[in-house]
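Step one of this worksheet: look at the structure below.
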Amino acid sequence: MAHRVLVVDDEKSIVRLVTFNLEKEGFIPLEAYNGREALRLVEEQNPDLVVLDLMLPGLDGLEVCRRIRQAGHGMGVIMLTAKDQEIDRVLGLELGADDYITKPFSPRELVARVKAVLRRTAARQEYTRSGEIIKTGALVIDAGKYEVKVDGKPVELTPKEFELLNFLARNPGKVMSRDVLLDNIWDYAFSGDTRIVDVHISNIREKIEPSPKNPVYIKTVRGVGYKFRGD
């Protein structure tokens, strides 16, 4: 069954370029030119992935991404950004985007990113269905329900935060370098930009640790990376 990909950009030439290349690869493209139209199509068509421009009229791409994740949609999201929008890229990833690509971009590279995110989304959904539950201390990670609790209280994590925490927790006591985490959670290296890992770890600690500055669950191994408590 062909995957449906929603392309959202206020520049019609970019939408035409992307949809043309997606159709060549057997995808079913959907089109939107503003944030509200994008959210309507997300609800009506439930696409498998959204290619989402940051700079949209009205509701911008960050707000659209936030609302998609807030509604619990598990579809992939790839952000389109300008080269000078580093802060917005980081915010987009924090809000749950799976990947980003900067303009101008190669249509071939974009299609490759679409395929990679769809593979990872399918793997994530398959693992979620397996229903593994990890318990350590006051922390409970339920893959089947895609939820985290601390002291019995639900913790709201973005999809990327959940995947990162879950990956570390499934490998307790093992030191994971930032590059390994990039490869496993983001599916490719961000051109050596490992800061996105540190940002996500910091956000997770703020949400699950009794004292984020003295973490008990996710430990920093200086000069290497991170590890999850091994008990």
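The values are calculated or read from the model by the stated rules, or taken from the named source; none is laboratory data. Please read all numbers here as calculations on a predicted model, not as lab measurements. Positions of Cβ are backbone-derived with ideal geometry, glycine not excepted, and every protein chain shown enters the neighbour counts. These area figures cover heavy atoms from the full protein model, side chains too; ligands, DNA and RNA do not enter into them. Shrake-Rupley method; radii C 1.70, N 1.55, O 1.52, S 1.80 Å.
Brief remarks on what is shown
- Given R0 = 22 Å, the distance between the Cβ atoms of Lys115 and Asn184 translates into a calculated FRET efficiency of 0.80.
- Amide H to amide H distances under 5 Å link Leu59 with Gly35, Arg36, where only residues 5 or more positions off or on other chains count and H is placed in the peptide plane.
- Taking a straight line from the alpha carbon of Lys103, these lysines sit under 18 Å away, with near neighbours fewer than eight places off in the same chain left out: Lys12, Lys83.
- Sequence-ordered 3J(HN,Hα) estimates for region 17-30 from the Karplus curve with 6.51, -1.76 and 1.60 and θ = phi - 60° stand at 4, 5, 5, 4, 6, 5, 4, 4, 8, x, 7, 9, x, 10 Hz, glycine and proline given as x.
- Judged by the mean number of other Cβ atoms found within 10 Å, the most tightly packed of the peptides 170-183, 40-53 leads the ranking 40-53, 170-183.
- Computed from the alpha carbon positions, the gyration tensor of region 1-48 leads to an equivalent ellipsoid with semi-axes of 17, 15, 4 Å, biggest first.
- Of all accessible heavy-atom area on region 4-125, the percent that carbon and sulfur account for (1.4 Å): 50 percent
- What separates the Cα centres of region 139-182 and region 43-106 is a distance of 22 Å.
- Kirkwood Rh and Cα Rg combined as Rg over Rh, evaluated for region 4-125: 0.91
- DSSP beta bridges confined to region 1-158 are antiparallel in about 35 percent of cases.
- In region 130-228, the inverse of the mean reciprocal separation of distinct Cα atoms equals 13.6 Å; this is its Kirkwood hydrodynamic radius.
- Computed from backbone phi with θ = phi - 60° and the Karplus coefficients 6.51, -1.76 and 1.60, the 3J(HN,Hα) list for region 219-226 is 9, 8, 9, 4, x, 10, x, 9 Hz; x is used for glycine and proline.
- Karplus-derived 3J(HN,Hα) values for region 105-117, using 6.51 cos²θ - 1.76 cosθ + 1.60 with θ = phi - 60°, are 10, 7, x, 5, 5, 4, 4, 5, 5, 4, 5, 5, 5 Hz; glycine and proline are entered as x.
- When you filter the GluC sites (Glu not before Pro) in region 136-231 for DSSP loop state and at most 12 other Cβ atoms inside 10 Å of their Cβ, you are left with Glu156.
- Charged-residue dipole, Cβ positions (Lys, Arg, Asp, Glu), region 4-125 about Cα centre, Debye nearest 20: 400 debye
- Under 5 Å from the amide H of Tyr100 lie the amide H atoms of Met79, each residue being 5 or more positions distant or on a separate chain, with H modelled from the backbone and absent for Pro and chain starts.
- About its Cα centre, the dipole of the chain is roughly 740 debye, where the only charges are +1 on Lys and Arg Cβ and -1 on Asp and Glu Cβ.
- Amide H partners (placed H, <5 Å) of Ala82, local residues excluded: Lys103
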